[in-house]
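Everything below concerns the one structure shown next.
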Amino acid sequence: MILLLFIVFLILLFLGFPIAFALGLSSLTYILFTDLPFVLIPQKMYSGIDVFILLSIPGFILAGNLMNASGITSRIIQFCNALIGHIRGGLGMANVGASMLFGGISGTAIADTASIGTVMIPSMKKEGYDAGFSCAITATSSTIGPIIPPSLPLIIAGTLTGLSVGRLFLAGAVPGILLGIGLIFTAYLLSVKRNYPKGEKAPFRVVVKSFYQAFWAVIMTLVILVGIVGGIFTPTEASVVAVLYAMVIGLLVYRELTIKMIPGIIMNAAKTTAALMVLVGFANLFAWIMAAEQIPRMIADTLLGLTQNKIVLLLLINVLLLFVGAFMETIAAMIILFPTLLGIAVEVGVDPVQFAIIVVLNLVIGLTTPPLGVCLFVASGIGKVSLEKISLAGLPFLLLCLIVLLMVTFIPGISLYLPGLFYD
């Protein structure tokens, strides 16, 4: 019957069903054909979302929506453009820089692609950048968001394993920065080779002014990190602090947020949270069925049966996750696969915190790879460019992402250095 589960899931996925519905309907099919009680569905869905730390997710989503409504996206882009826009390909590099800063607010790749892409893709095309390049750099740089804290996938990783969310946030900082710097360098090399335009150098006072405007967004990320790592508040409390901070900045500093806008923003955040919680619930039901059928044990035995070599095993896990990431939403894939693969990794001596970063990085890279890379579809819709053209234009950026992935996989210090300073 487990074969039926996967067949129905894959058919629904290729028919374009949302991942939550594909997980739920395939699980329902399995239950129907195995005569299991239907009460299992609400039980397993509820147990999946009945975790205290998940309360932080609606808070961070609402904080991100409030900051975005305050005009923070345009301010971040203006600062990055003022700082490096005069370099050849500067607008492309500013795109990456904006994603690095915005990632600390949204925590998700799709939100990053949509928010940054709406502004940057038309601007880059207007300035003479190739449409495929503009969409590809936007989609790929959005993968930084789920790595740099606060990160929703890392919160899920902490929920599934009991790992410290503060430790996971710190572990994602250096890999996220490394990925951002690598993408900036790649964008520069491509821009020089293709003779993409460069803007005029902004006066120093303009750079300072734009930095001040974007400064409050950067501080929000630091407030969250310092508060969690310093033991001042829990991740759930941090999300509430983030909301209050975003409201103060939006209402009193930027003054683009109004009281009348807040109910609509809360409603949008509630819809996003509800969709995410449904996804988490169905993913937990799907994972329970897999566990009942001994699939996690079979995966572990198969991988460990192939090799006990740590390097080879990590390479196999990376290939598996990259493949899964191309077809499945990051959080759903985390819930279904992470606990199983973590057990394998720990067995061969991989630190759990390092492995969490490896998994998240793999899965978000999958968001930018065909055939079902969600960020590619979002960028494609904004830029009115075919998926094939974006995929080809994104190959140099994908290569860079894979290099960073290998570095994070085989150099533990990249992800463990900062947590070691504050927790060990």
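Which members of region 325-339 meet the condition of being surrounded by fewer than 19 Cβ atoms within 10 Å (Cβ to Cβ) and in a helix (DSSP H, G or I)?
The answer is P339, and nothing else.
Would you check which residues across region 366-397 are farther than 18 Å from A332 by Cβ, assigned to a loop (DSSP other than H, G, I, E, B) and touching a residue at least 40 places away in the same chain (Cβ under 8 Å) and list them?
P370, K384, V385, G394
Going by the conditions given, is L222 at pLDDT below 85 and either of a type in the set (V, I, T) or out of contact with any helix residue (DSSP H, G or I) (no Cβ under 7 Å at 6 or more places or on another chain) (or both)?
Against the criterion (at pLDDT below 85 and either of a type in the set (V, I, T) or out of contact with any helix residue (DSSP H, G or I) (no Cβ under 7 Å at 6 or more places or on another chain) (or both)), L222 qualifies.
I'd like the full set of residues that are farther than 16 Å from N284 by Cα and among the β-branched types (V, I, T), limited to region 27-52.
Selection gives T34 alone.
Name the residue, out of I156, I147, I110, that is under 17 Å from L363 (Cα atoms), of a type in the set (A, V, I, L, M, F, W, C) and assigned to a loop (DSSP other than H, G, I, E, B).
I147
Select, from I232, I259, I266, I249, the only residue that is of a type in the set (V, I, T) and either within 30 Å of I403 (Cα to Cα) or crowded, with 17+ Cβ neighbours inside 10 Å (or both).
Of the residues listed, the single one that is of a type in the set (V, I, T) and either within 30 Å of I403 (Cα to Cα) or crowded, with 17+ Cβ neighbours inside 10 Å (or both) is I249.
Exactly one condition in (1) more than 20 Å from A333 (Cβ to Cβ); (2) free of Cβ contacts under 8 Å to residues at least 60 places away in the same chain; (3) of a type outside the set (A, V, I, L, M, F, W, C) is not met by S56; state its number.
The failed condition is (2).
For region 206-260, which positions are of a type in the set (A, V, I, L, M), part of a loop (DSSP other than H, G, I, E, B) and free of Cβ contacts under 8 Å to residues at least 60 places away in the same chain?
The one that is of a type in the set (A, V, I, L, M), part of a loop (DSSP other than H, G, I, E, B) and free of Cβ contacts under 8 Å to residues at least 60 places away in the same chain: I232.
Across region 305-323, which residue is farthest from L152 (Cα to Cα) among those that are among the β-branched types (V, I, T) and surrounded by fewer than 19 Cβ atoms within 10 Å (Cβ to Cβ)?
Filtering region 305-323 for residues that are among the β-branched types (V, I, T) and surrounded by fewer than 19 Cβ atoms within 10 Å (Cβ to Cβ), the one farthest from L152 (Cα to Cα) comes out as T307.
State yes or no: is G24 in contact (Cβ under 8 Å) with a residue 24 or more places away in the chain, over 21 Å from the mean Cα position of the chain (by Cα) and at positive phi?
No; evaluated as a whole, the condition is false for this residue.
Would you point out which residue out of Y212, Y196 is aromatic (F, W, Y), at pLDDT 85 or above and out of contact with any His (no Cβ under 8 Å at 6 or more places or on another chain)?
Unique residue meeting the criteria: Y196.
Looking at the structure I just gave you, is V404 assigned to a helix (DSSP H, G or I) and buried (at least 21 other Cβ atoms within 10 Å of the Cβ)?
So V404 fits the description; yes.
Surrounded by fewer than 23 Cβ atoms within 10 Å (Cβ to Cβ) and touching a residue at least 40 places away in the same chain (Cβ under 8 Å), is that true of G172?
No, not satisfied.
Suppose the filter is surrounded by fewer than 21 Cβ atoms within 10 Å (Cβ to Cβ) and either among the aliphatic types (A, V, I, L, M) or modelled with pLDDT under 85 (or both); does G381 pass it?
Taking the combined requirement at face value, the residue satisfies it.
Quickly run through region 102-128 and pick out the residues that are buried (at least 24 other Cβ atoms within 10 Å of the Cβ) and either among the basic types (K, R) or at pLDDT 75 or above (or both).
Within region 102-128, T113, I116, G117, M120, I121, M124 qualify.
Quick grid of which residues meet (1) within 21 Å of the chain's Cα centre (by Cα); (2) of a type in the set (A, V, I, L, M):
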{"site": "L304", "(1), (2)": "no, yes"}
{"site": "K310", "(1), (2)": "no, no"}
{"site": "A333", "(1), (2)": "yes, yes"}
{"site": "F338", "(1), (2)": "yes, no"}
{"site": "G343", "(1), (2)": "no, no"}
{"site": "V346", "(1), (2)": "no, yes"}
{"site": "P352", "(1), (2)": "yes, no"}
{"site": "I358", "(1), (2)": "yes, yes"}
{"site": "L361", "(1), (2)": "yes, yes"}
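So for region 364-372 (the condition being farther than 30 Å from S99 by Cα and in contact with a Phe, Trp or Tyr (Cβ under 9 Å, 6 or more places away or on another chain)), does at least one residue qualify?
No, region 364-372 contains no residue that is farther than 30 Å from S99 by Cα and in contact with a Phe, Trp or Tyr (Cβ under 9 Å, 6 or more places away or on another chain).
Tell me the helices (runs of 4 or more DSSP H) entirely within region 12-106 that contain at least 3 residues that are of a type in the set (A, V, I, L, M, F, W, C) and closer than 20 Å to L222 by Cα.
By residue number, 56-69, 72-84, 90-106.
The values are calculated or read from the model by the stated rules, or taken from the named source; none is laboratory data. Quick caveat: nothing in here was measured; it's all calculated off a predicted structure. With ideal geometry, Cβ positions are generated from the backbone for all residues, glycine too; neighbour counts draw on all protein chains shown.
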